[in-house]
Amino acid sequence: MGLIELFVAVVIVGISCVNAAPPAAAWSRSRDSRFALLSAANGVLALLGLLWVWGQLPVSPPGWTAVELPVLLVALLAVVLFLVTTLWPHRS
């Protein structure tokens, strides 16, 4: 169990959950499928982060939940890029 891996996995879960809300709200207003897909992608990353958090806890998780720091950093980059796409102002 590494504390750095646990911290990064928790950050992935947090950012993904927060970032899934604006596209879900936009989808409920416009019914544009792009917003639903963006929200679903963030939800899947949050679920993956939860699996990785479980893998870092000392409760004897299954072996398939183990993850290494480079994989976590790549996933964190994807989550941050999703966050940037949500926060970037739309030009009309």
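May I ask you to list the residues in segment 31-48 that are loosely packed, with under 12 Cβ neighbours inside 10 Å and outside any helix (DSSP H, G or I)?
Residue satisfying the conditions is R31 alone.
Only one of S16, S28 is modelled with pLDDT of 95 or more and either more than 11 Å from the chain's Cα centre (by Cα) or in a loop (DSSP other than H, G, I, E, B) (or both). Can you tell me which?
Just a single option satisfies the conditions, and that option is S28.
Within segment 1-21, can you find the residues that are closer than 9 Å to Q56 by Cα and surrounded by 15 or more Cβ atoms within 10 Å (Cβ to Cβ)? Reasoning before the result, please.
Going residue by residue through segment 1-21, those that are closer than 9 Å to Q56 by Cα are 1-3, 5-6, 9.
Answer for segment 1-21, where residues must be closer than 9 Å to Q56 by Cα and surrounded by 15 or more Cβ atoms within 10 Å (Cβ to Cβ): E5, L6, A9.
Has segment 62-82 got any residue that is within 13 Å of A20 (Cβ to Cβ) and assigned to a helix (DSSP H, G or I)?
Yes: one or more hits.
Go through segment 61-92 and report how many residues are in contact (Cβ under 8 Å) with a residue 40 or more places away in the chain and within 16 Å of the chain's Cα centre (by Cα). Working first, answer last.
Step one: list which residues in segment 61-92 are in contact (Cβ under 8 Å) with a residue 40 or more places away in the chain, which gives 67-69, 72-73, 75-76, 79-80, 82-83, 85-86.
If we keep only those that are within 16 Å of the chain's Cα centre (by Cα) too, we end up with 67, 69, 72-73, 75-76, 79-80, 82-83, 85-86.
Matching residues across segment 61-92 total 12.
Condition first: farther than 16 Å from G14 by Cα and touching a Pro at 6+ places or on another chain (Cβ under 6 Å). Now tell me which residues in segment 42-60 satisfy that.
Residue satisfying the conditions is G55 alone.
Within segment 49-60, take every residue that is outside any helix (DSSP H, G or I) and in contact (Cβ under 8 Å) with a residue 12 or more places away in the chain and give me the one that is nearest to N19 (Cα to Cα).
L57
The values are calculated or read from the model by the stated rules, or taken from the named source; none is laboratory data. Remember, it's a predicted structure, so these values are computed and weren't measured experimentally. Every residue, glycine as well, gets a Cβ built from its backbone with ideal geometry; the counts of neighbours run over all protein chains shown.
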